[in-house]
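Structure, as structure tokens:
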Amino acid sequence: MTSWTTSAAVKAITAVAFVGFASQAMASDVTWDRLLNAQNDDANWMMYHKDFTGHHHSGLKQINTRNVKNLKLAWQHNPSATKRGIQGFPLAVDGMVYYTTTSGTIWALDGATGAPVWQHAAKIDVERAEGTFYNPYNRGLAIGHGNVYMGTTDGRLIALNAKTGDVVWDNEIMSVAKGNKGFTGAPVIVKDMVILGANGGELAGCCGPIYAVDAKSGSVAWQFDTIGGDQRSRDSWGNDSWKIGGGGGWMTGSYDPATNTVWWGTANPAPDYDYIGGDWMNDGPRPGTNLYSSSVVVLDADSGELSAYFQEMPHDAWDFDSAVGEFLMIEQDGKRNMVHPNKGGIIFVYDADSVGGGNELAVNNAYMIGETYNYIKGVTKEGRLVGRRELPEGKHSDVCPAIDGAISWNTGAYNPKRNTHFMLTQEFCFDIEVVNPERPDDFSGQAYFGASWTSKAPKQKADGTPVDAAYGTLQARDPLTGKMKWRVEYKYPVLASLLSTGGDLVFVPGADGMFDARDAKSGKLLWQTNMGTGAHGGVITYMVDGKQYVAVVTGWGSHVAGNYPGLFGAPFDTMSTDTGTLMVYAL
Amino acid sequence: MLSYVSLTSIVRVVFITLFALLLNVSIAHSEEDVTDIAAAEINPTYFKYKENFSVKRLFASRCSWCHQGYGLKAADGPRLSGTDKTKEKVIEQIAYGKSPMPGFRKQLKPWQIEALADYIKALPDVEL
């Protein structure tokens, strides 16, 4: 096992330059053709969702159900810049591993040894970046066209030479003129463009843009405003409230080559919560449905024009947005389905071919996976909410789930051989007092909430079963029908992403730092190790020189994680929120 | 004319009644939301800037993402009730932030920042 500390890493950047040179010699460029066919390349993990199927599944099976008990730490990297833990998703390409830590720092390491090859720390406009609550998050990068691409919390997109780490271009993409702030999500490359979306659902700004940036020059090719971008959107916000309506697309979406469309989930409207209650179509701070907040938008990849959409939370009254970046392409019986989880604990199954003309997507199915919800009574198969629990001005007890949702922003995984979708839920609630907030100045970018709350344990499940503590679940389901195959309960809701492999394994990085490998068929625990601190970032697998590795980031500290000390006490009441490590395991 | 015993009894009854009333007031007081008590103390000072100003409404609009229960419960941000910071230090932190807490000097007027600081300092040292 090799351990690299930060100081050692800095020294090693020059001292082990030959290692970098050797890796550079091995590395070939990540072309668009390679990205387009990434589902056939299991040795590498070349984009946030691995490939455009969005399955987070690798066919690698050197590590499998029979030998996973022998899995052990191969190397680890202890970086600097880990405030609020590491939330990024590593990438692995041709023997190299790239990953980001907080405040816009990228590390390039030898994938077999962990030896540092280069590092780049973006010079962040701290005042702008720290003007949001999302500081200093960074959730990953994109690689292609000879470069590595990273968005920053101060609204820039940076291209670095993938082999050397030298800056190719560093451009401010997003202006603050309309109250927008920056990027925290990983970009994704589509053809010769880099796509990424803005954060800011809770900020009194407009218009939550999603950008396509020319990969070579760094200039903006197109921009789609998630709110206020077209007349239909503006008409769905009374009193010009779209000017302070938040929106955005802060997690990484996907691309469907068959229809040449970008699929992206959008953020919630501002203000969070609505004091007017049930009369929200006519009154309150943002009268109307508030398109295209808390929606899935499907954009023409070449022009950025709206090809189709579906608003998963019409007039979102709970901050259960659609920003979850997971889009699973599943073809069955001649039908192409796009599966998308919503923060409110709902899985939407879209007809992937119902695009074009800017119309509403057709929904093949929708079902609940959250267990303790009471903000709605349910969802129809057509994706319509049933029995909304509005939250008018005043106090409301035991609203479930809490603002943090039943599904967080990290991804599940899908095993295509078993047709099994592995998903996590978090089951806790809150007491909330909804207020009538003062309307901020237009485009001011101010924090804009309409409530104060206190998180708490649920009292019962939606089916009435009593519950006496907050908890989480790992569920294995048929993604199209929702039929449960197995279910494992976690004492502490898992916040990290999941990994599925051809070795019939599902890897689960735990909130308490325990890293599990489970049997994909049964959910049985086959291997477990203690990583030393909680995880709420990415997990991948890759191969170098015929050896399979599993890489996972650790580190704790975020809005959701902030609930854990109050809900559970130890170990979260003493868990560090300024550390994090890249842990890499092999046989 | 009342006898000494009767007078003593009356005094005793009055005393017990007063005690019971005080006890009731005390119980009622303890059941009252301490954030409402703190806000009621602070709000009038700022009516000169805004009629019917509500510091809790301001707190909910700007601070609730990280500080739960109007400041009584730690979450992504710390519990604010019982802070040992001086009012001046609280003002400074609201204005300039302390990473990862954003600074609010460009979002809030100076009197709003001061009102929030007064409210936080007025909160009793209790935790939800």
Inspect all residues belonging to the stretch A:72-80 and state whether any of them is basic (Lys, Arg), in contact (Cβ under 8 Å) with a residue 40 or more places away in the chain and either part of a strand (DSSP E or B) or away from chain B (no Cβ under 14 Å) (or both).
-> yes
Determine, yes or no, whether B:Lys98 is closer than 22 Å to A:Ala561 by Cβ and either more than 8 Å from chain A (Cβ to nearest Cβ) or of a type in the set (Phe, Trp, Tyr) (or both).
-> yes
Can you spot a residue in the stretch A:401-414 that is in contact with a Lys or Arg (Cβ under 6 Å, 6 or more places away or on another chain) and within 10 Å of another protein chain (Cβ to nearest Cβ)?
-> no
Filter result for A:Tyr292 (surrounded by fewer than 24 Cβ atoms within 10 Å (Cβ to Cβ) and outside any strand (DSSP E or B)) = no
Within the stretch A:193-229, can you find the residues that are within 16 Å of A:Leu141 (Cα to Cα), in contact with a strand residue (DSSP E or B) (Cβ under 8 Å, 6 or more places away or on another chain) and in a loop (DSSP other than H, G, I, E, B)?
-> A:Ala198, A:Ala215, A:Gly218
For the stretch A:144-175, name all the residues that are assigned to a strand (DSSP E or B) and either outside the structural domain of A:Asp94 (by TED's automatic domain parsing) or open to solvent by 10 Å² or more (accessible area, probe 1.4 Å) (or both).
-> A:Asn147, A:Arg156, A:Asn161, A:Val167, A:Val168, A:Trp169, A:Asp170, A:Asn171, A:Glu172
Considering the stretch A:501-536, residues that are touching a Phe, Trp or Tyr at 6+ places or on another chain (Cβ under 6 Å), assigned to a strand (DSSP E or B) and of a type outside the set (A, V, I, L, M, F, W, C), and then whichever is surrounded by the most Cβ atoms within 10 Å (Cβ to Cβ), we arrive at A:Pro509
In the stretch A:410-427, what count of residues is obtained for those that are charged (D, E, K, R) and either open to solvent by less than 10 Å² (accessible area, probe 1.4 Å) or under 23 Å from A:Gly140 (Cα atoms) (or both)?
-> 1
Of (1) of a type outside the set (Lys, Arg); (2) surrounded by 16 or more Cβ atoms within 10 Å (Cβ to Cβ); (3) under 24 Å from the mean Cα position of the chain (by Cα), A:Asp578 satisfies every one except (2)
Count - residues of the stretch A:237-280 that are away from every other protein chain (no Cβ under 14 Å), of a type in the set (Asp, Glu) and surrounded by 24 or more Cβ atoms within 10 Å (Cβ to Cβ) | 0
State whether the residues of the stretch A:106-123 include one that is touching a residue at least 24 places away in the same chain (Cβ under 8 Å), open to solvent by 10 Å² or more (accessible area, probe 1.4 Å) and basic (Lys, Arg).
-> no
State whether one or more residues within the stretch A:463-481 are within 14 Å of chain B (Cβ to nearest Cβ), within 30 Å of A:Gly245 (Cβ to Cβ) and either touching a Phe, Trp or Tyr at 6+ places or on another chain (Cβ under 8 Å) or modelled with pLDDT under 95 (or both).
-> no
Turns out the strands (runs of 3 or more DSSP E) fully within the stretch A:419-460 with at least 1 residues that are in contact with a Pro (Cβ under 6 Å, 6 or more places away or on another chain), at the interface with chain B (Cβ under 8 Å from one of its Cβ atoms) and in contact (Cβ under 8 Å) with a residue 12 or more places away in the chain are none
Of the criteria (1) modelled with pLDDT under 95; (2) out of contact with any His (no Cβ under 9 Å at 6 or more places or on another chain), which one B:Cys66 fails = (2)
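Quick check on my filter: what residues within the stretch A:537-575 are over 17 Å from the mean Cα position of the chain (by Cα), within 14 Å of another protein chain (Cβ to nearest Cβ) and not in a helix (DSSP H, G or I)?
To start, the set of residues in the stretch A:537-575 that are over 17 Å from the mean Cα position of the chain (by Cα) comprises A:541-551, A:562-575.
Narrowing further to those that are within 14 Å of another protein chain (Cβ to nearest Cβ): A:562-569, A:572-575.
Once the filter is applied, which keeps residues that are over 17 Å from the mean Cα position of the chain (by Cα), within 14 Å of another protein chain (Cβ to nearest Cβ) and not in a helix (DSSP H, G or I), the stretch A:537-575 yields A:Gly569, A:Met575.
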Within the stretch A:314-325, can one find any residue that is at pLDDT below 95 and of a type outside the set (A, V, I, L, M)?
-> yes
Scan the stretch A:125-144 residue by residue and report those that are within 14 Å of another protein chain (Cβ to nearest Cβ), within 20 Å of A:Phe89 (Cβ to Cβ) and of a type outside the set (S, T, N, Q).
-> A:Tyr134, A:Pro136, A:Tyr137
A:Arg84, sole failed condition from (1) crowded, with 24+ Cβ neighbours inside 10 Å; (2) away from every other protein chain (no Cβ under 14 Å); (3) in contact with a Ser or Thr (Cβ under 9 Å, 6 or more places away or on another chain) = (2)
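Among the residues of the stretch A:336-356, how many are on the phi < 0 side of the Ramachandran plot, part of a loop (DSSP other than H, G, I, E, B) and open to solvent by less than 10 Å² (accessible area, probe 1.4 Å)?
2
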With the condition kept exactly as written, say whether any residue in the stretch A:217-233 is within 20 Å of A:Tyr48 (Cβ to Cβ) and crowded, with 24+ Cβ neighbours inside 10 Å.
-> yes
Residue list for the stretch B:73-89, restricted to those being among the aliphatic types (A, V, I, L, M) and facing another protein chain (nearest Cβ under 8 Å) | B:Ala74, B:Ala75
Considering every residue within the stretch B:110-118, establish whether at least one is under 30 Å from A:Gly85 (Cα atoms), facing chain A (nearest Cβ under 8 Å) and part of a helix (DSSP H, G or I).
-> no
Of the listed residues (A:Asp274, A:Asp279, A:Asp319), the one being in contact with a Gly (Cβ under 6 Å, 6 or more places away or on another chain), in the same structural domain as A:Met368 (by TED's automatic domain parsing) and charged (D, E, K, R) is A:Asp274
List the number of the failed condition for A:Phe133; all other conditions in (1) in contact (Cβ under 8 Å) with a residue 60 or more places away in the chain; (2) under 23 Å from the mean Cα position of the chain (by Cα); (3) surrounded by 23 or more Cβ atoms within 10 Å (Cβ to Cβ) hold.
-> (3)
Working only within the stretch A:428-448, note down all residues that are touching a strand residue (DSSP E or B) at 6+ places or on another chain (Cβ under 8 Å) and at pLDDT below 95.
-> A:Pro437, A:Gly445, A:Gln446, A:Ala447, A:Tyr448
Output for Cβ contacts, cut-off 6 Å, separation at least six or different chains, first residue within 13 Å of another protein chain (Cβ to nearest Cβ) in the stretch B:37-64, second open to solvent by 30 Å² or more (accessible area, probe 1.4 Å), reads B:Tyr49/B:Trp111; B:Phe53/B:Phe47
Just one of (1) open to solvent by less than 30 Å² (accessible area, probe 1.4 Å); (2) in contact with a His (Cβ under 6 Å, 6 or more places away or on another chain) trips up A:Ser452, so point out which.
-> (2)
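The values are calculated or read from the model by the stated rules, or taken from the named source; none is laboratory data. Not measured: the values here are computed from a predicted model. In this analysis, Cβ positions are derived from the backbone assuming ideal geometry, glycine residues included, and neighbour counts consider all displayed protein chains. Heavy atoms of the whole protein, side chains included, go into the accessibility calculation; ligands, DNA and RNA do not. Shrake-Rupley method; radii C 1.70, N 1.55, O 1.52, S 1.80 Å.
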